[in-house]
Amino acid sequence: MFQVTNLQTNKISEFTNRAQFLYEMEQIETRHLATNTMGRYKLTHLNAKTNEVLEEKTVEIPPTEGDLEQSLKDFGLVAEGGGLFSRRKPKQSLKVPSQSVSEEDSNPVNIDDVEQVSPISDTKTNLPTSNSVVPSSSYSGSKLNIVSFGKIVAWLAVLFLALYGAGVSHTIAVGLKSGAIKTTQSTPKQTSTVNDMSDEHEVDVFSRYFIGAYLTNSDLDNFISSKVSNKPFDKVTTAAVLLEKAQTKDKQTYEMTYVVSYNKDDKTKSSRFKFTVKKAKKAMYGYEVTKLPKESDYPG
């Protein structure tokens, strides 16, 4: 989750994903460039579940150095964590040394084939020759036990690795499924604005043509309803026309709000213009203005 705080008005806006956040930052920069103003904003990246602050920075828009896109290139890419894989590290594979058993060790010792050793005398110790072997049943048994234990350990290691691999595969499948569910649930709710109107483009194009004609004091007969009395606006030169809001309840009548930057008496001014547009089949453009624009300060 992302928050954008206007440090001049303390207004906070929230966005559920990085795409919405970056789009809003682009719109803010466009408005400042159109009105020749500058603002300071605090940007916050939060964990959507715990509201833990992951990243935070303060920017000036438009930037005094570089560009906004470059300064936000890496912002918002810190993983929120909290999932299965962030808590658990993969275990190291258990390596079991191979057990090699020689034919000599694997064959039991036959006591009858062993050369008998002469008993030790009282006065002299007789050392066995190089070909002599001292038989020991306990020694042979211990060697066989070591071999058997090594085989058991090897089988246990293979079984453990097989079970562990199956568990990791199941975990990955569950993680991907839950991730898909979260992505579906995080889709922002649609509101009744120009973004979900079927004729959004037509309404916006008509409104932009109208506001341009209105501010230059041109002929408005093809734009306004015959029931509306035209009140000419002082002729000005428009510099930028930005759509701020568009709302409708029945998709027949639309409340349009634009932020317009225009030049008057060698000075640049920014104002908000709000007016009403209605569908009209007999109108030249398919729409007509039923309520003339009402000007107000922007921002304000």
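Listing for the model above:
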read-out: Stretch gain in nm, segment Asp199-Glu56, where the contour uses 0.36 nm per residue and the Cα spacing is subtracted; value: 47.6 nm
read-out: Residue-span extension gain [Glu295 to Gln247] - 0.36 nm each, minus C-alpha spacing; value: 15.5 nm
read-out: DSSP-assigned coil residues among trypsin sites (Lys or Arg not before Pro) in segment 271-300, each with at most 11 further Cβ atoms within 10 Å; value: Lys281, Lys282
read-out: Proxy reagent accessibility, fewest Cβ within 10 Å first, across His32, His201; value: His201, His32
read-out: Ranked list, fewest to most other Cβ atoms within 10 Å of each Cβ, for Ser207, Ser148, Ser71, Ser226; value: Ser226, Ser148, Ser71, Ser207
read-out: Label-point gap, in nm, between Asp74 and Tyr23 - each point 7 angstrom along Cα→Cβ; value: 2.7
read-out: Total charge dipole magnitude, segment 194-297, about the Cα centre, Cβ charges on Lys, Arg, Asp, Glu only, Debye to nearest 20; value: 320
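Every number in this text was worked out from the coordinates using simple rules, so none of it is lab data. Being a predicted model, the structure only gives us computed values, none of them experimental. Every residue, glycine among them, receives a Cβ derived from its backbone with ideal geometry; neighbour counts consider all protein chains shown.
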